[in-house]
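Student: Starting off with a structure, shown below.
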Amino acid sequence: MSAKSSQGASRIWESLASVKLAVTLLILLSLGAVLGTVVPQGQPQAFYHHWASEAWAKVILTAQLDRVYSSFWFLLLVAALAVNLIVCSLNRLPKTLKSMGSTPTPEGLHLPRVRLSQSVHGSASPEEVHALVREKFSSLQGIGGRVVESGRADAEGERLIFAQTGRFSRLGAYVVHLAILILMAGGLATALLGFKGNVWLHPGQVLDHIDLRSGQAMPLDFKVRLDKFIFEKYEDGSPKLWQSNLSFIRDGKVVETAQCKVNHPATFGKVTFYMSSYDQEKTLDYIGLEVMDKDGPPRKIRIKNKEAVSLEGLGRIEILDYDPNWRGGGFAAKIRLVREGAGAPLEFWVRPRPPFQMPPQGPEVPTFKLTDARAKAGEYLAGLQANYDPGIWFVWIGGIIMLLGLVVALFWSHRRFWAEIGPGQSGTRVVLAGSTQSNRPSFELKFKALVKDLEESLAGLETGKKK
Amino acid sequence: MTSSSLLSITTFLYFGTALGYLVALVFKSPKTAKLSSYLAWITTAVQTAAIIIRWVESYHLGVGHAPMTNMYESLIFFAWCIVLAYLLLELKYDHRGLGAAIAPFAFLAMAYASFGQDTGIKPLIPALKSNWLIAHVVTCFLGYAAFAVACGSGIIYLFFGRDDSKNRMLPGRDILEEVIYQTVLVGFLLLTAGIATGAVWADQAWGTYWSWDPKETWSLITWFVYAVMIHARLMRGWRGRRIAWMSLIGFGTVLFTYFGVNMLLAGLHSYA
Ligand code: HEM
């Protein structure tokens, strides 16, 4: 490789490792995530043509804004963040380990040039001051550290003391970043190795497969039966309990039973069943309609389910479908109108509120208004979600590791202190120096406090002597 | 006494507390600040009693559960967390001027709770019957409270950070910045725990630990914003006013996650 291209490669490596890239990616991911909460997700294409103008609908569909979180560009940003994290860690770990692991030897001890350093003067003898500083440094010392002293005074009569705290905290950030990678791996495991499906069961019904979200049917190596569905309500009518009593059957024998409730899923083999919703069978009895012709009083009619009604001068009407909550807007019925004489039969929804007809009908058709409907309540159906999700283990482990790493990274930092003690103009001079790998401002406060403490103690030594 | 009358008193007292701190800061009166501080402690005690009584009341109604299950109760808990976080800070740093920018948050949360929210004690719907509910709500709201304290300190920094230490009600600029950053770190840890407990709970309730529901998404955005702040300061040396601004922006995303999502976007999180 030529020098130039290796230089280019190292520049790419450096920028892949940079925190600038990390910050950029986090901002882009945030903006992308915002888009996903503004544009309704996962709707059929036609929805977006209604929701936005033609041009914007095109933008939304091309940029996959209808499914931001699985779009190519969002996943690309996540992947870039992962690469960024890995390269950054590989880049820094050796240096970190080196500076973390090194405790200077007495011979190798020297006063480094660091930003924080300050001289303190006292009139006590170097020996007394030395003992004092040593005592202070011992109490500074964190777990696993050791106060290091240069043995004898050097030519200028100066001696050095060194102490450090919180060395291990340097690994905290790496642990946090590792946890993020584990969580990403969990997401990948969920997406690639897991499955999710919905199951609707009548009491007594036995099931041997799951309808996956992808539309495929996945056979199970066992059977599951809904023995009983329990639905309890509070006095005020809000739901209190949904419970499915399930039996798991292998080779014709019930091998396990479980009570599956919300927040208490039931697992058998690889598959976990979650109580996710319920439905009630409704058989329609009849609907009431008001037919408003252009002239004449409105006519009220009642149509029984599965029976057609003939209206004079208009034609035959029958019920095709009924929905107690059609498109979330209350009850509605779909009817077919076979007109006398001319025209193909018309099929449309009728509602109690305007717009009364969906889709709207032409002027040749009178307005139909749905006035009432009666449905007989049938038995409850249990809606279960059936999952296999290996990703949840990654989430558990990643979450715990991340919290541990955060505690270490955020509340400790690797701090090093040096003191050089030697003769000064008016007795003894101490040069204190300190450095930290993170959180400099709070370290500066701590360092100032140390200087002040030392000054006061030195003054204390003097007044003690004068007495 | 019923919990609701005690909570009305709490709202009223927080108004007094916030006003007291403001007066103390504007007129540089340590005495007023000290009084406000006492008032804050007393109010917190009253509010703690109110929360406990509400808890007991729910058992008398036969629907016993911790009072953290709707918008009203969460706002009250939020106010409680904010004041508690602030008072702990005050114990540590002993600069009472910050209360002027933080206590109003607690008052506003209480005021919002008492006007415009359903105050009834409701039985728990099945999805909320989980021990994870408590873990999730407590970690999230303690985190939000830490961010509120950071934001209040940020506001003070932006207003008073220029004329360093002229006002003895306030810590010096360096310490103020340190307060902002350290409380953000605490909040970040708690928010992380809140998101994690929420994910575990969602997995148990619905079988999906992350479903990109708007509230989840906004909590992640909040998390990203504070992660940016931490890295910007740690590795890119952001200081002072920038950090103060970041604490405001961060709290803006917290507020949107808490209120904006409910008002503007629909999702799984029924209340908070
Ligand atoms: C959501 C994603 C991220 C989170 C939550 C996160 C979190 C953290 C935390 C908590 C720290 C420790 C702060 C401290 O020591 O006080 C840290 C440090 C750091 N982060 Fe990240 N980080 C993220 C992404 C990244 C990425 C993508 C990079 C890639 C360059 C990165 C680079 C660094 C570096 C270089 C440090 C300093 C390490 C040291 O002190 O030696 N971070 N991060």
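The values are calculated or read from the model by the stated rules, or taken from the named source; none is laboratory data. A quick note: this is a predicted structure, and the numbers were derived from the prediction, not measured. Here the Cβ is made from the backbone with ideal geometry for all residues, glycine too, and neighbour counts use every protein chain on show. Note: accessible area is taken over every heavy atom of the protein model, side chains too, but ligands, DNA and RNA are not part of it. Shrake-Rupley method; radii C 1.70, N 1.55, O 1.52, S 1.80 Å.
Student: Which pairs turn up if I take residues in segment A:72-98 that are within 17 Å of residue A:183 (Cα to Cα) and look for partners that are assigned to a helix (DSSP H, G or I) and of a type in the set (Gly, Ala, Ser) with beta carbon separation below 7 Å, at least 6 apart in sequence or on another chain?
Tutor: Final answer for the pair search is A:74/A:32; A:77/A:32; A:84/A:22.
Student: So which pairs qualify, if the first residue must be in segment A:11-30 and open to solvent by less than 70 Å² (accessible area, probe 1.4 Å), the second must be among the aromatic types (Phe, Trp, Tyr), the Cβ gap must be under 8 Å, and the two must be at least 6 apart or on different chains?
Tutor: A:26/B:224; A:29/A:74; A:29/B:224; A:30/B:224
Student: Condition test on residue A:377, is it in contact with a Lys or Arg (Cβ under 7 Å, 6 or more places away or on another chain) and either within 14 Å of chain B (Cβ to nearest Cβ) or in a strand (DSSP E or B) (or both)?
Tutor: yes
Student: Out of segment A:100-130, which residues are surrounded by fewer than 13 Cβ atoms within 10 Å (Cβ to Cβ) and out of contact with any strand residue (DSSP E or B) (no Cβ under 8 Å at 6 or more places or on another chain)?
Tutor: A:101, A:102, A:107, A:108, A:113, A:127
Student: From B:242, B:233, grab the single residue that is within 11 Å of the ligand (Cβ to nearest atom), under 30 Å from residue A:68 (Cβ atoms), basic (Lys, Arg) and more than 8 Å from chain A (Cβ to nearest Cβ).
Tutor: None of the other options fit; the residue is B:233.
Student: Same structure, new question: Give the number of residues within segment A:196-250 that are within 11 Å of another protein chain (Cβ to nearest Cβ), aromatic (Phe, Trp, Tyr) and under 31 Å from the mean Cα position of the chain (by Cα).
Tutor: 1
Student: Could you list, in sequence order, the residues of segment A:251-293 that are at the interface with chain B (Cβ under 10 Å from one of its Cβ atoms) and open to solvent by less than 30 Å² (accessible area, probe 1.4 Å)?
Tutor: Selection gives A:262, A:263, A:272, A:273, A:274, A:275.
Student: Moving on. Here are the criteria: (1) touching a Leu at 6+ places or on another chain (Cβ under 8 Å); (2) outside any strand (DSSP E or B); (3) away from the ligand (no atom under 16 Å from the Cβ). Tell me which single one residue A:191 does not satisfy.
Tutor: Looking at each condition in turn, residue A:191 falls short on (1).
Student: I'd like the residue in segment A:421-448 that is open to solvent by 30 Å² or more (accessible area, probe 1.4 Å) and not in a strand (DSSP E or B) and, out of all such residues, is nearest to residue A:409 (Cα to Cα).
Tutor: Across segment A:421-448, the extreme among qualifying residues is A:437.
Student: Give me a count of the residues in segment A:65-99 that are within 14 Å of chain B (Cβ to nearest Cβ) and away from the ligand (no atom under 15 Å from the Cβ).
Tutor: 8
Student: In this structure, does residue B:221 turn out to be facing another protein chain (nearest Cβ under 10 Å), assigned to a helix (DSSP H, G or I) and either more than 17 Å from the chain's Cα centre (by Cα) or surrounded by fewer than 22 Cβ atoms within 10 Å (Cβ to Cβ) (or both)?
Tutor: In short, yes.
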